[in-house]
Amino acid sequence: MDQELRERIERSAEKHALFNALKHDSEADLGAIMGPLMGENPDFREFGDQIPGIIGPIVAAVNDLDRAERRDRLAEIAPEGVEELEREPAEDDHDLPPLPGAEDVAEVRLRCAPNPNGPWHIGHARMGAVIGKYADRYDGWMLCRFDDTDPATKRPSLQAYDQILDDLAYLGFKPDEVLRASDRLELYYEHARDVIELGGAYTCSCPAGEFSERKSAGEACPHRDRPIDESLAAFDRMVAGEFSAGDRVLRIRTDLEAPNPAERDWVAFRMVDEPHPREDAAADRCWPLLDFQSAIDDHHTQITHIIRGKDLQDSVARQGYLYEYLGWEYPTVLHWGRISVDEYEFPLSTSTMGERIEAGDLTGWDDPAAPTLQSLKRRGIRGAAVTDALAELGVSESDVELSMSSIYARNRERIDPIADRYFLVRDGTRLPLVGDVPATAEPPKHPTDEERGNRTIPVGDAVRIEPGDLPAHGERVWLKGLGCVRAMREALELTGDSIEVVRDGDVPVIHWVPAGGAIPVTIRMPTGDSTGLAEPSFAEVDVDDVVQFERVGFARVDSHARDESIVYFAHN
């Protein structure tokens, strides 16, 4: 990274840190500013692993200022930031804006409505994070409703029901109630009959293409005015499974002149030949489409606020007809834009990932290259870091990009204070030690927590260091926890110099491992496996613990075996 780019990063970070601190009337949060910093400066993203270290001192300096000093400094370097603060009233201490109408209801009631066709990727997690945060904020009620009424095109996975609940728990939330739409068909049938009797629905046997042409022209289907008793009888035959896919549908009667053709006499029920994978629902063939099913469920579970993607904006108009027929009040609705993530080479798509797993390109849903919550969890990334980063994106209808560096920064704040340090050398070069070599070295377990004590590393007669750290002949390096050595022709000689040579800036500090007794480690990374040797005491680290391999990065311990330990890389 050149100096000019570094200075740009520092200037932009200072602006965002000042704005963040003033907006929330608190100390600036490093994790919270990573998202806007990367979003405003796309060219910073390739340096995402270095940026937290660069901007950390900037954030600390901002936090040393009082409010007046912060405001004066922001006015000096970014006066538009002060203007923005003046236009917007100060917010309370929440990542998300207030829910409209939340104060007008006795209880805020929200729902996550996942399709259980696989575990959650990061895009799905936005639903759980935002709805869970709002439920906590308002001491509200949260439902997890599995919208599993499409056994064909969005076929449920039997494992996904539990996987998604595990994903919600990983994010930090437990729903107050869990429902499966496939258990509720009789309720949907009952309301379908009610709407038919009210003159609001009719059965139709038009071929799909023929009806589409009529709909586009604003023309009525020939079945639209059929007698109510005929539609009721035909619907009962649908429920009994007497038709095949494409033979009959139930349509909601709407305005044929509605400006948006998607509103016109939309399909509420259709026939599906493929059995549902759940045994309890396998015999059913008449299934509601999402707009009908979710409208009924939202009313019966007393949902006050619906938060969903803008791709479902047409649902408000379609469901509005249904609510009007039944005399119900529609919930408050918020729509948000699409989300993309900057670090992954393929789209956020459950079906795409399933195909890659089937093809062997991914080892499973928790492959480190997969943009899934299972993957992040296995890498040692805390769910709270994911939740906070996603909530920071808000609920705007604008499309947004999540920078993984924002998640990493928030995770680093959580794990850095608790992760013990260890040495790990990749592609190590073996060099003998000569001179007054101690039997053991004792570097600290954590650089800022003396109470944890030191690790004990048996030194032996040789060490391994990374090729990039090899000193030229006659130069010195400091082997951390061991001492100063000088490069001889084919060895390293202990010099006896004190730590002052490091403090004076004359000698770089490097990590190392003993040549004998080091632990072979495979590091599972998003970019592929890497290997190395860790200091002997690493074998004693518990599985699931997160450690920091010094000058390498954070990793979660996945397994230990006699000949190899496996870790999953989290981030730098």
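The values are calculated or read from the model by the stated rules, or taken from the named source; none is laboratory data. Remember, predicted model here, so these are calculated numbers, not experimental data. Ideal geometry is used to build each Cβ from the backbone, glycine not excepted, and the neighbour counts take in all protein chains shown.
Structure summary
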item	result
Qualifying positions in the stretch 167-225 - buried (at least 17 other Cβ atoms within 10 Å of the Cβ) and among the acidic types (Asp, Glu)	Asp167
Filter result (of a type in the set (Lys, Arg) and either assigned to a loop (DSSP other than H, G, I, E, B) or crowded, with 21+ Cβ neighbours inside 10 Å (or both)) within the stretch 310-321	Arg318
Scan of the stretch 271-287 for residues that are under 34 Å from the mean Cα position of the chain (by Cα) and within 30 Å of Arg214 (Cα to Cα), ordered by number	Val272, Glu274, Trp287
Positions within the stretch 55-74 being surrounded by 16 or more Cβ atoms within 10 Å (Cβ to Cβ) and closer than 22 Å to Leu5 by Cα, in sequence order	Ile55, Ile58, Val59, Val62, Arg73, Leu74
Checklist (1) under 30 Å from Met142 (Cβ atoms); (2) at pLDDT 90 or above applied to Arg73, failing item	(1)
2 or more residues without any contact (Cβ under 8 Å) to a residue 24 or more places away in the chain: qualifying helices (runs of 4 or more DSSP H) within the stretch 10-125	51-63, 67-77, 79-87
Residue under evaluation Glu257, criteria (1) under 21 Å from Tyr321 (Cβ atoms); (2) of a type in the set (D, E, K, R); (3) at pLDDT 95 or above, criterion not met	(3)
Members of the stretch 409-435 that are surrounded by fewer than 21 Cβ atoms within 10 Å (Cβ to Cβ) and charged (D, E, K, R)	Glu413, Arg414, Asp416, Asp420, Arg421, Arg426, Asp427, Arg430
Residue list for the stretch 322-355, filter: modelled with pLDDT under 95 and in a helix (DSSP H, G or I)	Thr350, Ser351, Thr352, Met353, Gly354, Glu355
Conditions (1) among the small types (Gly, Ala, Ser); (2) modelled with pLDDT of 95 or more; (3) within 39 Å of the chain's Cα centre (by Cα); number of the one not met by Gly199	(3)
The stretch 526-544: number of residues that are under 30 Å from Ala439 (Cβ atoms) and touching a residue at least 24 places away in the same chain (Cβ under 8 Å)	10
Whichever residue in the stretch 237-247 is surrounded by 15 or more Cβ atoms within 10 Å (Cβ to Cβ) and in contact with an Asp or Glu (Cβ under 9 Å, 6 or more places away or on another chain) and, among such residues, is nearest to Ile296 (Cα to Cα)	Val239
Any hit, the stretch 135-146, residues being crowded, with 19+ Cβ neighbours inside 10 Å and either of a type in the set (Ser, Thr, Tyr) or part of a loop (DSSP other than H, G, I, E, B) (or both)	yes
Enumeration of residues in the stretch 138-185 that are without any contact (Cβ under 8 Å) to a residue 60 or more places away in the chain and either basic (Lys, Arg) or not assigned by TED's automatic domain parsing to the domain that holds Gly383 (or both)	Lys154, Lys174
Sole residue being closer than 30 Å to Leu373 by Cβ, surrounded by fewer than 18 Cβ atoms within 10 Å (Cβ to Cβ) and at pLDDT below 95, chosen from Arg551, Arg489, Arg503, Arg562	Arg551
Val82, sole failed condition from (1) outside the structural domain of His16 (by TED's automatic domain parsing); (2) at pLDDT below 90; (3) among the aliphatic types (A, V, I, L, M)	(1)
All strands (runs of 3 or more DSSP E) inside the stretch 192-309 with 2 or more residues being within 24 Å of Arg180 (Cβ to Cβ)	249-252, 267-271, 286-288, 305-309
Leading residue by the ranking (farthest from Asn117 (Cα to Cα)) among those in the stretch 155-179 that are in a helix (DSSP H, G or I) and of a type in the set (Gly, Ala, Ser)	Ala169
All positions within the stretch 530-546 that are touching a Phe, Trp or Tyr at 6+ places or on another chain (Cβ under 7 Å) and part of a loop (DSSP other than H, G, I, E, B)	Glu535
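Yes/no matrix, rows are residues, columns are (1) part of a loop (DSSP other than H, G, I, E, B); (2) farther than 13 Å from Phe423 by Cα; (3) charged (D, E, K, R):
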| residue | (1), (2), (3) |
| --- | --- |
| Thr448 | yes, yes, no |
| Ala472 | yes, yes, no |
| Arg486 | no, yes, yes |
| Glu490 | yes, yes, yes |
| Val501 | no, yes, no |
| Pro520 | no, no, no |
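Every residue, every condition in (1) farther than 30 Å from Gly383 by Cα; (2) in contact (Cβ under 8 Å) with a residue 60 or more places away in the chain; (3) touching a Gly at 6+ places or on another chain (Cβ under 8 Å), yes or no:
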residue: Pro417; (1), (2), (3): no, no, no
residue: Ala439; (1), (2), (3): yes, no, no
residue: Ala462; (1), (2), (3): yes, no, yes
residue: Pro471; (1), (2), (3): yes, no, no
residue: Lys480; (1), (2), (3): yes, yes, no
residue: Arg486; (1), (2), (3): yes, no, yes
residue: Leu494; (1), (2), (3): yes, yes, yes
residue: Val513; (1), (2), (3): yes, yes, yes
residue: Arg524; (1), (2), (3): no, yes, no
